[in-house]
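J.: Got a structure for you, written out below as structure tokens; questions coming shortly.
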């Protein structure tokens, strides 16, 4: 009986560890977005793409989309 409890506990621990690893991978896979001020502070300049979104050109945030930039 004690072995079953330990095995169940070990499996539950591995399951929770797997979920946290999968969650962190999903968080890293999201497209990075910066604010208008962050773009300028990083040495870049906001430019409007033909898609209608603003992107940071140059600096440390080069190529990253500026969040909240739809419809400007």
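J.: Rounded to two decimals, what is Rg over Rh for segment 32-72 when you use alpha-carbon atoms and the Kirkwood radius?
T.: 0.92
J.: A further question follows. Highest mean first, what order results for 38-51, 55-68 on Cβ atoms within 10 Å?
T.: The most tightly packed comes first, giving 55-68, 38-51.
All of the numbers you see were taken from the coordinates with simple rules; none came from a lab. Remember, it's a predicted structure, so these values are computed and weren't measured experimentally. Using ideal geometry, Cβ is built from the backbone for each residue, glycine included, and neighbour counts are taken over all protein chains shown.
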